[in-house]
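The values are calculated or read from the model by the stated rules, or taken from the named source; none is laboratory data. Everything numeric here is computed off the predicted structure, so don't read it as measured data. Positions of Cβ are generated from backbone atoms using ideal geometry, with glycine treated the same way; all protein chains shown enter the neighbour counts.
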Amino acid sequence: MIIIGLGANLDFKGHSPEETLRLCLKHFEENGIKIISVSSIWKSAPVPASDQPWYRNAVCSVSTIYTPSQLLKKLHEIELSFGRMRHEINAARTLDLDIIAYDDRISGEDPILPHPRFHDRAFVLYPLQEIAPDWVHPVTGQSVSDMIDRMPSQQIERCEKLCA
């Protein structure tokens with residue numbers, strides 16, 4: 001299973017972060033990334049904590065013929081088309097796309113697989129539990145539920161379904 005994390009906390013050309021996430025999914029399909037399933041949108045505090053607006057996050061499973069590095073390049077192109085600027089680490093953004101996992105591949109190279117910090121991010125784990133409740137981390141062997149049990153619940157809340 002290929003898992004992509006989606007996030008946004010800034011408006012883009014009059015579109016709210018929620019609308020941006022919906023529009024982004026259309027770009028996936030147009031760019032050879034077939035959507036299998038999509039979580040609800042979740043509202044989450046910025047990590048690390050800051051005075052930025054809260055994020056809107058979701059997770060989707062996809063299929064593609066792209067290799068992990070080709071997929072990452074394609075995701076960066078999609079981010080750029082939505083105005084993503086990479087000037088500073090942890091800055092607010094119009095769109096953030098991450099490869100969370102690519103099947104059960106483990107890699108220390110770009111992209112690092114699975115994503116090196118997703119297991120500490122409630123904004124990835126809660127949506128992931130919706131679409132893949134039985135998924136297991138290929139390195140630690142922990143289930144999604146086990147990883148969620150360690151998360152502080154106050155940093156996230158469910159907003160709405162991403163796709164009708």
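Collect the residues in the range 5-22 that are in a helix (DSSP H, G or I) and over 14 Å from residue 80 (Cβ atoms), keeping them in residue-number order. Residues satisfying the conditions are 17, 18, 19, 21, 22.
When the range 81-132 is filtered for residues that are at pLDDT 85 or above, among the β-branched types (Val, Ile, Thr) and part of a loop (DSSP other than H, G, I, E, B), the ones remaining, listed by number, are 94, 106, 112. With the structure loaded, tell me whether residue 48 is over 13 Å from the mean Cα position of the chain (by Cα), surrounded by fewer than 12 Cβ atoms within 10 Å (Cβ to Cβ), free of Cβ contacts under 8 Å to residues at least 60 places away in the same chain and part of a loop (DSSP other than H, G, I, E, B) or whether it fails that test. When the stated conditions are applied, residue 48 passes them.
Would you say residue 11 is touching a residue at least 60 places away in the same chain (Cβ under 8 Å), out of contact with any Cys (no Cβ under 9 Å at 6 or more places or on another chain) and surrounded by fewer than 16 Cβ atoms within 10 Å (Cβ to Cβ)? The answer is yes for residue 11.
Of the numbered criteria (1) of a type in the set (A, V, I, L, M, F, W, C); (2) at pLDDT 90 or above; (3) surrounded by 14 or more Cβ atoms within 10 Å (Cβ to Cβ), the one residue 139 fails is (3). Can you tell me which residue is surrounded by the most Cβ atoms within 10 Å (Cβ to Cβ) among those in the range 103-125 that are farther than 10 Å from residue 148 by Cα and among the small types (Gly, Ala, Ser)? Only one residue fits best here, namely 107.
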